[in-house]
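Just so it is clear, none of the values below were taken in a lab; they were calculated from the coordinates. Just so you know, these numbers come straight off a predicted model, no measurement behind them. Every residue, glycine as well, gets a Cβ built from its backbone with ideal geometry; the counts of neighbours run over all protein chains shown.
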Ligand SMILES: Nc1ncnc2c1ncn2[C@@H]1O[C@H](COP(=O)(O)OP(=O)(O)OP(=O)(O)O)[C@@H](O)[C@H]1O
Ligand SMILES: [Mg+2]
């Protein structure tokens, strides 16, 4: 029982990390039908920014470093859209070009991270290091519980904002009918920029949380989690935010149980087999609907 | 003159959809455009709304050149299009759709005032404020689309085929509501295939043919014109 619970908590905390990054993919896809490949690089870049700030200007202050990192990530997301996506969008060119542009951004960010950070593994600050919480006999690390709680709070706040806030509702409107948003006089470009900023902030939370969980950072973390988060997005149904969250948790919990009861090396094999099976049965993912072509 | 359009040319790639359209709109008018399928009516409306960019020509609104302005700036100046096919937000409630129409309005009281005003005009949708717009009937969706546009407090309301796909009774109702909106002070620019109904409520009208204006006159004149009767009134 204790082992079961512990594995479950592992899965849920890892799922939180997948879910946060997955939302970014799904949000932008829902609006532009674009797979924004730069998302995984923002995950990495944010963790590197956190590391750089923490080991210099804001040494020792986790909360302040965290807030500054999120601000930087939000700005980065907005700038990515402004510089690399918007010009293509406004020309009305195909999404394939925007996709390639986002891959370009991803590559550039990864190069910058590699150049400045180097390729070795370095220790990453964590919260309540060595502290464990006894959960019905299961020994779970405090950082895992913090990650789960923070993620739930973020999901709750996001849900509230998209239901009740003007800008949040605006983002939902964009995903329904971009042309109508233009006609209603909504600041469509700014809102699309905001959606990239939101996706990037979530990826930043995810990136910092993951490195805190590992207590270490290396430049390979972005690709590893980025691929998983993207797979989770597709599993849940790309373009559906709740699908990204559910997909993230399902994928991580499966991985966690396979690793816990069977073997670490079977983890990716099983989780991706599950994804493939789900997609064969329902190609649009768990919550995805068939795309309705606008007349 | 409230709006003046000079020599407007709009293309889709190499396809010429508008070939030099010029016209004007006076304050308080109901002005309509009639024309066959593919004549360029929607192209004209979207060019005026700013979602299509003209290759050539000028759009002057209240003495100001708005040809290069964004759709958002045009809406803020009181210029809004209720598009063909309604384009409501299907996953939003009626209330949320209306709030999107008021996106450019800062004054909360004005939003409330307009909110109540559209329900006076369209009592049918008042009881459906919390219903998802995608589940409304076609007629209700059209009423919602017009209401949503009115939420922006427009000076000129452009309507692209508001009667499309509606039953004859509803068509009649929509046209009398358009007259009512006009009486309350909004200038109307109307595009219709239902030429008869449109001409009956219009002060003036233009006939659009393959991207060019082929004829103009008062609503009454065009209703009596032989060419118009033959081509557009099923005579
Ligand atoms: N997106 C587009 N791409 C290419 N050509 C287009 C596009 N939209 C319209 N056209 C062409 O431009 C011309 C004018 O179309 P438009 O939609 O303005 O006509 P309309 O008068 O509104 O017709 P309807 O009464 O059927 O709504 C048509 O020949 C049409 O085929
Ligand atoms: Mg049309």
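What the table below lists for this structure:
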quantity	calculated
C-alpha long axis of helix B:138-150 to longest principal axis of chain B, angle in °	90 degrees
Tensor-based shape of the range B:90-205 (alpha-carbon gyration tensor, a/c under 1.5 rounded, otherwise prolate or oblate)	oblate
Rotationally averaged projected area of the range B:140-235 (alpha carbon convex hull; nm²)	6.5 nm²
Cα-based helix-to-principal-axis angle, A:2-32 vs chain A, degrees rounded to 10	20 degrees
GNM flexibility winner over chain A from A:40, A:224, A:252 (Cα, springs under 10 Å)	A:224
Förster radius 60 Å - calculated FRET efficiency between residue A:63 and residue B:36, Cβ distance, rounded to 0.05	0.35
D (Stokes-Einstein, µm²/s), Kirkwood Cα radius, the range A:139-257, 1.002 mPa s at 20 °C	134 µm²/s
In Å, descending, principal axis extents of the Cα set of the protein assembly as shown	89, 46, 46
Mean-position separation - Cα centroids, the range B:1-50 and the range A:66-137, in angstrom	45 Å
Volume per residue of the C-alpha convex hull in the range A:193-247, rounded to whole Å³	82 Å³
Radius of gyration and maximum dimension Dmax of the range A:2-281, Cα, Å	18.6, 59
Residue order, fewest to most beta carbons within 10 Å, for B:202, B:137, A:56	A:56, B:137, B:202
Antiparallel %, DSSP beta bridges [both residues in the protein assembly as shown], to 5	60 percent
Mean shadow area of the range A:65-190, taken as a quarter of the surface of its Cα convex hull (nm²)	11.8 nm²
Span from the the range A:163-223 Cα centroid across to the the range A:13-65 one, whole angstrom	11 Å
Ascending count of other beta-carbon atoms within 10 Å, so fewest first, for B:9, A:182, A:164	A:164, B:9, A:182
Cα centroid of the range B:111-130 to Cα centroid of the range B:193-210, whole Å	29 Å
Distant alpha-carbon pairs in the range B:1-159 (separation over 26 angstrom), percent	32 percent
Fewest-first sequence of B:1, B:158 by Cβ atoms within 10 Å of each Cβ	B:1, B:158
For chain A, built as a Gaussian network whose Cα springs stay under 10 Å, the top-fluctuating residue of A:284, A:162, A:233	A:162
Helix axis angle, A:166-176 relative to chain A longest principal axis, alpha carbon, degrees	70 degrees
Helical mean residue ellipticity (222 nm; -39500 (n - 2.57) per DSSP H run of 4+; nearest 500) of chain A	-24500 deg cm²/dmol
